Structures are given as C-alpha cells and as structure tokens.
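The values are calculated or read from the model by the stated rules, or taken from the named source; none is laboratory data. Computed from a predicted model, the values in this text were never measured in an experiment. Glycine also receives a Cβ, built like all others from the backbone with ideal geometry; neighbour counts cover every protein chain displayed. Side chains are part of the model used for accessible areas, which takes the heavy atoms of the whole protein and leaves out ligands, DNA and RNA. Shrake-Rupley method; radii C 1.70, N 1.55, O 1.52, S 1.80 Å.
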Amino acid sequence: MSIINKVRLVEHLFAQLDKEIQTFQLQTKLDCGCGCGKCCNKTDIEASPLEFLPWSFQVYLNGKSDEVLAELNSKQDSECFLYNHLSIIDKGVGNCSDYYYRGLICRLFGNSANKNKYGKSQLLTCRNIKELYPEKYKQVSSDIENKKHIPVCTDYYMRLMQIDFNLGNIIVPINQAMKMAIEEVLNYYSYHPFDNDLRHSA
Ligand code: SF4
Ligand code: SF4
C-alpha cells in the first residue's frame, strides 16, 4: 500500500474517533482544565510509529524531515518532542505544538476506556480529572460499567494495526515512534517517485 493511502486510512480512523469523542464529551461534560498539559509532560508515554505517520508525512511535505529527524536524534530527554511549555515554573502547563497531527494515544487518553481483568470497561484518565470532577467521574465510571458508549482504547489500536501490522503493532517511547514514522516516509520516497501535487496541497 502506498504511504499516502496509509496516511489517509489513519486520518480516517482519527476522524471517526474524534466524532465519538465529541459525542462522549457532550454527554459527560468531562474535559481537561484550560492550559493543562500534565499528561503530555510525562516521560513514559508510548505510541506506535503508525499513529504518527500523518504527522511525519506533513513534516515531509513541508521539507523538514531531515531537520526534525536530527532534532529527534539529538534530544537528550524523553519528554514528548511536540510538547510546548507555557510556563517556566510549572512543567505541567503547556500544550501540543502540533495538536492536529497528535497521535492515537493522545486522542484516546481521557476520552476512552480500557477493559479491566474482569472484562469491565474503565475510563482511561488522569488524577487531575478525578480530582477536578469527582462526582462526574464517579457517574461516568458507573455509566461506562453499565455499557454507556465510549471509545475503547484496544479497539482503536486493533483497527490501527489493520492498516499496517508492522508499524501499528510496535509500541515504543513516543519520540522513537515519531522518529520511526519520519524514517518510514523518507525510506518510502527514496524508492518511489513523489507526486508534486501533494506538496502543493499541503
Ligand atoms: S487528560 Fe488530565 S493531565 Fe491530560 S490534559 Fe487532561 S486534565 Fe491534564
Ligand atoms: S504529541 Fe502532542 S498531544 Fe501527544 S503527548 Fe506529545 S505534546 Fe501531547
């Protein structure tokens, strides 16, 4: 499958998830506090290269692949490459510098459920949400246990893997996932001609 087709399929999956999340948020009114970036500031976020393929493709279209790859290679810490600090005092205040192209895990966290060992769905969220909205959190957790519809994390990862098993099945630290996604696009275009119309549409 061509790289552009994979990118489109991943984007289509993201669009479906975004719709589901919008419905979930409208129903539950659970959302993140303004300016909170605590989950992006964690140093143990993991992702698959495939979920960053639309991002890396965009980087390629902008002619920045080599530059971004060099920056990723020289990065000394494991904080997400795309995390943008908005405060020098509190590292948890910040946002994503490329929100539109964020990965699957970034979209799912706080807005999806995981199955526990008893097969019950549990909201995948942070301490912040639990503390900010204790009542809502309790209500949503109980609704989910009682089969209220919520995107399920593992379902989305399964669907991602169906697009490209190799790139969707590897789970690595987030910066490595981005690096692999950039390399994937560069490798692809070292063997395939580039359609210039794509660059003009970027
Ligand atoms: S999910 Fe939690 S930690 Fe992440 S931005 Fe929202 S409130 Fe902050
Ligand atoms: S890609 Fe963006 S949303 Fe995802 S962890 Fe990094 S900064 Fe956060």
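For the range 75-140, list the strands (runs of 3 or more DSSP E) that sit wholly inside it and hold at least 2 residues that are within 12 Å of ligand 1 (Cβ to nearest atom); which are they?
94-96, 121-124
Among residues belonging to the range 149-194 that are closer than 21 Å to Q122 by Cα and free of Cβ contacts under 8 Å to residues at least 24 places away in the same chain, point out the one that is surrounded by the most Cβ atoms within 10 Å (Cβ to Cβ).
Applying the filter and picking the extreme gives D155.
Go through the residues of the range 100-120 one by one and say whether even a single one is farther than 30 Å from Y60 by Cα and in contact with an Asp or Glu (Cβ under 8 Å, 6 or more places away or on another chain).
Checked against the condition, which is being farther than 30 Å from Y60 by Cα and in contact with an Asp or Glu (Cβ under 8 Å, 6 or more places away or on another chain), the range 100-120 yields at least one hit.
Does the range 12-31 contain at least one residue that is within 19 Å of R127 (Cβ to Cβ), surrounded by 18 or more Cβ atoms within 10 Å (Cβ to Cβ) and within 16 Å of ligand 1 (Cβ to nearest atom)?
yes
Could you grab me the full set of residues in the range 106-123 that are touching a Phe, Trp or Tyr at 6+ places or on another chain (Cβ under 9 Å) and either at positive phi or open to solvent by less than 40 Å² (accessible area, probe 1.4 Å) (or both)?
Within the range 106-123, R107, L108, N111, S112, L123 meet the criteria.
Just need a number here: residues in the range 32-64 that are within 16 Å of ligand 1 (Cβ to nearest atom) and either open to solvent by 20 Å² or more (accessible area, probe 1.4 Å) or out of contact with any strand residue (DSSP E or B) (no Cβ under 8 Å at 6 or more places or on another chain) (or both).
The total comes to 14.
Run down I129, I45, I144, I88 and say which single residue is within 15 Å of N175 (Cα to Cα) and not acidic (D, E).
Among I129, I45, I144, I88, only I45 is within 15 Å of N175 (Cα to Cα) and not acidic (D, E).
Go through the range 72-91 and give me each residue that's open to solvent by less than 20 Å² (accessible area, probe 1.4 Å) and away from ligand 2 (no atom under 12 Å from the Cβ).
L72 - this is the single residue of the range 72-91 that is open to solvent by less than 20 Å² (accessible area, probe 1.4 Å) and away from ligand 2 (no atom under 12 Å from the Cβ).
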